[in-house]
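This report refers to the structure that appears directly beneath it.
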Amino acid sequence: MGTIATSLSGLANFGIYFGSALLFLLAFKFLYAFVTPHNEWSLIKDHQNSAAAVAFGGAIIGFCIAISGAISNSETFTDYVVWSVIALVAQLLAFAILRFTFMPKIAERIENAELSAGVILASVSVGVGLLNAACMTY
């Protein structure tokens, strides 16, 4: 019984970190949708646009990888919050850099359901998330 009690002693911290991570994910969803010129949810739900689904899914995975790095490597909750905000900004910048430099028509291509554009955007988002998480070690 002592082992179970010991294991459950971290349940409150789990709840705080997991709950706040879900709030960060929700904030990311709204901010990402605000930054992108296309409406991901409409493209995915109303038009069954696979390119939008792949791109948005990659952005979510990339962001989750980054905030998991923040959770794993932060020493305090405040530290985690700061690095999660940095992760959010990094993901938004990744889209902006891709859109305004390498693929200026990425939004239009995703709206046109070009899966290759969605795959590239998802790949960049996951890649940035991995790099972001790796850089959060100290």
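Can you compute the modelled spin-label distance between Gln48 and Asn73, with each label point 7 Å from Cα toward Cβ, in nm?
Going from the Gln48 label point to the Asn73 one covers 4.2 nm.
Compute from the Cα atoms of region 1-51 the Rg and the Dmax, the latter being the longest Cα-Cα distance, and quote both in angstrom.
18.5, 55
So which trypsin sites (Lys or Arg not before Pro) in region 73-109 pass both tests, a DSSP loop state and at most 16 other Cβ atoms within 10 Å of the Cβ? Walk me through the intermediate numbers first.
Numbers: sites: Arg99, Lys105, Arg109; in loops: Lys105.
Passing sites in region 73-109 are Lys105.
Enter the angle in degrees (range 0 to 90, nearest 10) between the Cα long axis of helix 50-73 and the first principal axis of the Cα atoms of the chain, meaning the one along which they spread out most.
30
Distance between Cα centroids, region 96-138 to region 1-47: provide it in whole Å.
Spelled out, the Cα-based centre of one part sits 21 Å from the other.
Using alpha-carbon pairs under 8 Å, 6+ residues apart, how would you state the relative contact order of region 15-135 in percent? Spell out each step's value before the answer.
Numbers: 136 pairs, mean separation 47.1, N = 121.
In percent, rounded to a whole number, it is 39.
Using a simple charge model, +1 on the beta-carbon of Lys and Arg, -1 on the beta-carbon of Asp and Glu, nothing else, what dipole does region 15-135 show about its Cα centre, in debye to the nearest 20?
On the way: 5 positive and 7 negative charges, 25 e Å.
Dipole magnitude for region 15-135 comes out near 120 debye.
Please build a GNM for the chain, connecting alpha carbons under 10 Å apart, and tell me which residue among Ile65, Ile16, Ile97 fluctuates the most.
Ile16
Just want the ordering: Tyr17, Tyr32, from fewest to most Cβ atoms lying within 10 Å of their own Cβ.
Details: Tyr17 17, Tyr32 20.
The fewest-first ordering by Cβ neighbours comes to Tyr17, Tyr32.
What distance in nm lies between label points placed 7 Å from Cα along the C-beta direction at Ala27 and Val119?
3.4
What list do you get for Val128, Val119, Val54 if you sort them by fewest beta carbons within 10 Å?
On the way: Val128 24, Val119 15, Val54 21.
Fewest-to-most Cβ neighbours within 10 Å comes out as Val119, Val54, Val128.
I need Cys64, Cys135 ordered by Cβ neighbour count within 10 Å, fewest first.
Values: Cys64 18, Cys135 15.
So the residues, fewest neighbours to most, are Cys135, Cys64.
Give the Debye-formula value of log10 I(q)/I(0) at each listed q (0.11, 0.13, 0.16, 0.22 Å⁻¹), with one equal scatterer per alpha carbon of the chain, two decimals each.
Values returned for q = 0.11, 0.13, 0.16, 0.22 Å⁻¹ are -0.44, -0.58, -0.79, -1.23.
Please sort by residue number the GluC sites (Glu not before Pro) in region 52-138 whose DSSP state is loop and whose Cβ has at most 11 other Cβ atoms within 10 Å.
Numbers: sites: Glu75, Glu108, Glu111, Glu114; in loops: Glu75, Glu114.
Counting only loop positions with at most 11 other Cβ atoms within 10 Å, the GluC sites (Glu not before Pro) in region 52-138 are Glu75.
Since every read-out is calculated from the coordinates, none of them should be taken as a lab result. Since this is a predicted model, take the numbers as computed values, not measurements. So basically every Cβ, Gly included, is an ideal-geometry build from the backbone, and we count neighbours across all protein chains shown.
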